[in-house]
Every structure is written in structure tokens, then in C-alpha cells.
1. Can you order the peptides 129-136, 178-185 by their average number of other Cβ atoms within 10 Å per residue, highest first?
2. Multiplying the sequence separation of residue 49 and residue 164 by 0.36 nm and subtracting their Cα-Cα distance, what value in nm do you get?
3. With the convex hull built on the Cα atoms of region 80-207, state its orientation-averaged projected area in nm².
4. Of the peptides 199-207, 87-95, 162-170, how do they stack up when ordered by the mean number of other Cβ atoms within 10 Å, highest first?
5. Arranged by the count of other C-beta atoms within 10 angstrom, fewest first, what order do 138, 161 take?
Ligand SMILES: [Zn+2]
């Protein structure tokens, strides 16, 4: 017979050693003369080891995936960052209000306009990005997102505002979930839900109205 297969020439083709002794076979290959009786197995064992390793890797990957999916997601990311940006804008505005008040004695009736005209702020700063409002909306109404308390009652004179008084709050920009307020000492807080935020603003206004010249320490401090 002439071999048509290329590979056949390279193969030694001993019939007996080619594989494990099948159950029915007389087992000529099963009695290798001496020394290493497992002459046939190394290849197979290697394959088994490789399969085992592959299974282990797959198992670990599946476990890692399961752990990743089951672990609670870290708070952060998308939900919080718009609130933080909003709070940062509001803090900036309050800082500008304080600067303006200390330079000019008090805040005018239209504080956001005054801050804008004096170059302390920009219209972009007056936007809460959760509100969906644009610069154009703000240009039409500077108070479309944020409301300085001084706007309602222009009593802010440097040193007469209690540090725990709310001086800037936001409209319902976060779909009722809550809203940022900034206190006279410059720190911000996101109060949930929005109705509670409004209640706290009203409370702060009432407190400020009754105890006009800062009963407790005045509103200058840290930041
Ligand atoms: Zn906001």
C-alpha cells in the first residue's frame, strides 16, 4: 500500500502502543517489558492537567463575576456627582455673596445680578445640572435654580448672619428627592426629601427674623 497521507509517513504506527488497552483487547501493549509501565499515559495526564487548569480558571472567573454582581454598589458615581457639582456651585455663590457684602456693606435686592455684574460669578454657576436648565434659561431668570435667602429679605450685612443660617437654597431641581442648602459659614448640605429642605429653609428664615443681630456667633468663619 502506498500511503496517500503525508502524516502517515512520519508516524511510526506501532499498533500496540497507540492507545490505552481497550477492555476487549488482549492487551499486547499492556505488558510493556520493564521500567515504566505508564509509557502511554504522560500525554493523557498532561491533557488532564490542562483541562483541570482551564476548569479552575473558568471557575475562578465565574466566582469573581458572581462576587462582583452580588456586592452592593459603592455609593458614588452617577447619582451623587450632580449633587456635588450643584453644591460646589452654590458654595461658590455664597462665598461671592460674602465677599460682595464685606466690600459693599450689604447685598442689594438683586444679589445674583449684582454678583454677575461685578464679575464674581458667571451664569453657568447659577445652574443645577439636575434641573435640565440651560444658560439661556438662567439668562432669562437668574433665580431659576438657586434662591439666596437675602433675595427674599435683604438683611445680609457682614457679621449679622448667624453661621447656622441657610443663605442659599435650590428649587426643586432634583425631582423631589432633596435639595442643597448652603449655610452662612459656607458649608453645604443635601437635605432629603425636598419638602424637608423647604421646611428647614423656612425654619432658618424664622430664626433669623426673630434674632436679628446674630445671637450666637456671627457668620464669619472657616469655609
Ligand atoms: Zn441641585
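1. On the way: 129-136: 14.2, 178-185: 23.8.
Top of the packing list down: 178-185, 129-136.
2. Values: separation 115, 0.36 × 115 = 41.40 nm, distance 6.91 nm.
34.5 nm is the gain from fully extending residue 49 to residue 164.
3. 6.8 nm²
4. Details: 199-207: 14.3, 87-95: 19.7, 162-170: 22.2.
Highest mean packing first, the order is 162-170, 87-95, 199-207.
5. Values: 138 22, 161 27.
Ordered by Cβ neighbours within 10 Å, fewest first: 138, 161.
Laboratory data are not the source of any read-out in this text; all were calculated from the coordinates shown. Just so it is clear, the structure is predicted and the values come from calculations on it, not from any experiment. Using ideal geometry, Cβ is built from the backbone for each residue, glycine included, and neighbour counts are taken over all protein chains shown.
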